[in-house]
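A short write-up of the structure that comes next.
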Amino acid sequence: MVTLDRRKLAAPVAAQAVAFAVVLVIGIFTGHTTKTPAPGPTHSASPGARPSSPAAGSSSPAAAPGQGAKLTVTVAEDTAGGLTVAGSQVRVLRDGTSVVIASGALNPARQFATNLPAGEYEVCVNPVGWISAVPGTHLIHGFICSPATVGSGPQSVTFHVVPKTTQAAA
């Protein structure tokens, strides 16, 4: 019969557990995760929001092949005497659903960016006190929305808005 001395066995088991925890932490900090993107067609334009290529020197790199791409939302505003859309809420919905895939707020440059798997989306902004200046957009729960298709390269969607008071005075 073999007897084990638990005191001699505890040190190697503890060392192995610590080594495993270190490997997990290193994996988290170096971003070693896997994601399976949804298949989808290449990008397309919508009448209300105009897709465009990123400017030369832009820091919007394309995602790895099969991983979708970076979507940048920009809101162009007419001058409104101090009123700005910066900080307005942005939501990206899976097309045909109310499932929020990404959300956030416009930065001071009136932009929001996120990486998305390839697919069809509704890109929505909620600039309080502003309305869309371009036909082809529609409202979903108070948000100005436009369809967008994300493919394998960077995609931009630009909304053009005017203050509600400008529209009422016209």
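Quick test of your reading of the structure: Ser60 fulfils all but one of (1) in a loop (DSSP other than H, G, I, E, B); (2) surrounded by 15 or more Cβ atoms within 10 Å (Cβ to Cβ); (3) hydroxyl-bearing (Ser, Thr, Tyr); (4) modelled with pLDDT of 85 or more. Name the failing condition by number.
Unmet condition: (4).
Given the residues Ser156, Ser146, which is the only one that is part of a strand (DSSP E or B), open to solvent by 10 Å² or more (accessible area, probe 1.4 Å), touching a residue at least 12 places away in the same chain (Cβ under 8 Å) and of a type outside the set (A, V, I, L, M, F, W, C)?
Answer to the check: Ser156.
Quick check on Ala168: is it modelled with pLDDT of 95 or more and out of contact with any Leu (no Cβ under 9 Å at 6 or more places or on another chain)? So that I can check it myself, show each step before the final result.
Values: modelled with pLDDT of 95 or more: no; out of contact with any Leu (no Cβ under 9 Å at 6 or more places or on another chain): yes.
Spelling it out, it is not the case that Ala168 is modelled with pLDDT of 95 or more and out of contact with any Leu (no Cβ under 9 Å at 6 or more places or on another chain).
Which pairs do you get when a residue that is closer than 15 Å to His141 by Cα, found in segment 86-114, comes within reach of a residue that is of a type outside the set (Gly, Ala, Ser) and outside any strand (DSSP E or B), reach meaning Cβ atoms under 6 angstrom, with the pair 6+ apart or on two chains?
Ser88/Leu106; Ser88/Pro127
Can you name the condition, by its number, that Pro108 falls short on among (1) closer than 25 Å to Gly68 by Cα; (2) at pLDDT 90 or above; (3) part of a loop (DSSP other than H, G, I, E, B)?
(1)
Test Ala102 against the criterion of being among the hydrophobic types (A, V, I, L, M, F, W, C), in a strand (DSSP E or B) and surrounded by fewer than 19 Cβ atoms within 10 Å (Cβ to Cβ), and give yes or no. Even if it seems obvious, please write down each step before you answer.
Details: among the hydrophobic types (A, V, I, L, M, F, W, C): yes; in a strand (DSSP E or B): yes; surrounded by fewer than 19 Cβ atoms within 10 Å (Cβ to Cβ): yes.
Yes; evaluated as a whole, the condition is true for this residue.
Considering each of Leu71, Leu139, Leu83, Leu93 in turn, give the residue that is outside any strand (DSSP E or B) and either of a type outside the set (S, T, N, Q) or surrounded by 15 or more Cβ atoms within 10 Å (Cβ to Cβ) (or both). Don't jump to the end; show me each part of the working.
Numbers: Leu71 fails: outside any strand (DSSP E or B); Leu139 fails: outside any strand (DSSP E or B); Leu93 fails: outside any strand (DSSP E or B).
Answer to the check: Leu83.
The values are calculated or read from the model by the stated rules, or taken from the named source; none is laboratory data. Note that the structure is a prediction, hence the values are computed from the model and not measured. A quick note on method: Cβ atoms are made from the backbone with ideal geometry, for glycine too, and the neighbour counts reach across all protein chains shown. Note: areas computed on protein heavy atoms with side chains; ligands, DNA, RNA excluded. Shrake-Rupley method; radii C 1.70, N 1.55, O 1.52, S 1.80 Å.
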